[in-house]
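One structure is given here, and the rest of the page talks about it.
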Amino acid sequence: MNSPDERPLDNPVWYALTEHQFNEAIDYGNVKFYHPDYAPFGAFINDHDTSAAIEKHARLIRDFFIVGEKPRLPIHFKPPKQYIGLQMINYNRINHPITEGITELTDSHYDDLIRLIKLVYPEYFKSKTQQLGQYYGIYKNGELVAAAGERMQTRNFIEISAVITHPHHTGKGFAKQLMAHTAEHIFNKGKVPFLHVDETNTNAIQLYLKMGFTIRRRFSFWKISV
């Protein structure tokens, strides 16, 4: 497929909240955050002084992140903690066999998804994160044991997120199948899948590389705690 302009990926939270998910945004001018019910992420532009916006947002959520450049905080806040992530992207459809039954998760599956999320991924997944995109899962004996879905969305790109497998069901290829399935649906929308992964999560990075994703850039996630 033709490569779209990738510049929005240099500030993905900002462009998601500007282009496609503006209804889920809290807008402080040159600083924007997802509403805390959807995601704990924010971003800014124009080297803006973020301290006033961060002070306001901290009244709504205790721990949150600025994605991108280091923010300026109110003087009475603790220094932000930096996490380094890799942003990865894939322009090619993933040729991987789907042998498991994959369920499109709806509101009726919400409790199952939250139960699984709480095992391995609680900090980034909020009460309405599932509403940011479509999520998919694999059930075994009535239990949701693996999931993946869509989170940040811009005009041309959709982030694959929450790729998780129950600790008792790892090593069975569930994540690969869900990645392939989710990416295929993104391509069918005429968009390009991308993702973020902590640079210390080497097993996941190797999986994504095998699935055809390439590393686009390193990203800073600045955790702000009140």
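The values are calculated or read from the model by the stated rules, or taken from the named source; none is laboratory data. The shown structure was predicted, so the numbers you read here are calculated from the model rather than taken from an experiment. Reconstructed Cβ throughout: ideal geometry from the backbone, glycine too, with neighbour counts over all protein chains shown.
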Residue selected from the stretch 39-86 under the condition under 24 Å from residue 217 (Cβ atoms) and charged (D, E, K, R), by the criterion modelled with the lowest pLDDT: 47
Mind checking which strands (runs of 3 or more DSSP E) fall wholly inside the stretch 39-147 and carry at least 3 residues that are farther than 20 Å from residue 177 by Cα? 41-44, 63-67, 81-89
Exactly one of (1) over 20 Å from the mean Cα position of the chain (by Cα); (2) closer than 20 Å to residue 224 by Cβ; (3) aliphatic (A, V, I, L, M) is unmet by residue 61. Its number? (1)
If residue 215 satisfies all but one of (1) part of a strand (DSSP E or B); (2) crowded, with 16+ Cβ neighbours inside 10 Å; (3) among the aliphatic types (A, V, I, L, M), what's the number of the condition it fails? (2)
Only one of (1) in a helix (DSSP H, G or I); (2) surrounded by fewer than 22 Cβ atoms within 10 Å (Cβ to Cβ) fails for residue 182. Which number is that? (2)
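Condition check ((1) within 14 Å of residue 152 (Cα to Cα); (2) in contact (Cβ under 8 Å) with a residue 60 or more places away in the chain) across all residues:
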{"position": "8", "(1), (2)": "yes, yes"}
{"position": "20", "(1), (2)": "yes, yes"}
{"position": "31", "(1), (2)": "no, no"}
{"position": "40", "(1), (2)": "yes, yes"}
{"position": "54", "(1), (2)": "no, yes"}
{"position": "61", "(1), (2)": "no, no"}
Sole residue being surrounded by 15 or more Cβ atoms within 10 Å (Cβ to Cβ) and either touching a residue at least 24 places away in the same chain (Cβ under 8 Å) or outside the structural domain of residue 213 (by TED's automatic domain parsing) (or both), chosen from 102, 75, 84: 102
Across (1) charged (D, E, K, R); (2) assigned to a helix (DSSP H, G or I); (3) closer than 27 Å to residue 71 by Cα, residue 150 clears everything bar (2)
Please work out if residue 164 is among the aliphatic types (A, V, I, L, M), buried (at least 22 other Cβ atoms within 10 Å of the Cβ) and in contact with a Ser or Thr (Cβ under 8 Å, 6 or more places away or on another chain). no
Within the stretch 119-130, count every residue that is exposed (fewer than 14 other Cβ atoms within 10 Å of the Cβ) and either farther than 18 Å from residue 64 by Cβ or among the hydroxyl-bearing types (Ser, Thr, Tyr) (or both). 3
Selection within the stretch 11-35 - assigned to a strand (DSSP E or B) and of a type in the set (Gly, Ala, Ser): 25
Could you go through the stretch 137-144 and let me know if any residue there is over 20 Å from residue 94 (Cα atoms), aliphatic (A, V, I, L, M) and in contact with a Gly (Cβ under 8 Å, 6 or more places away or on another chain). yes
Identity of the residue in the stretch 50-71, among the charged types (D, E, K, R) and touching a strand residue (DSSP E or B) at 6+ places or on another chain (Cβ under 9 Å), that ends up surrounded by the most Cβ atoms within 10 Å (Cβ to Cβ): 69
Quick one: how many residues across the stretch 95-124 are among the aliphatic types (A, V, I, L, M) and out of contact with any strand residue (DSSP E or B) (no Cβ under 8 Å at 6 or more places or on another chain)? 2
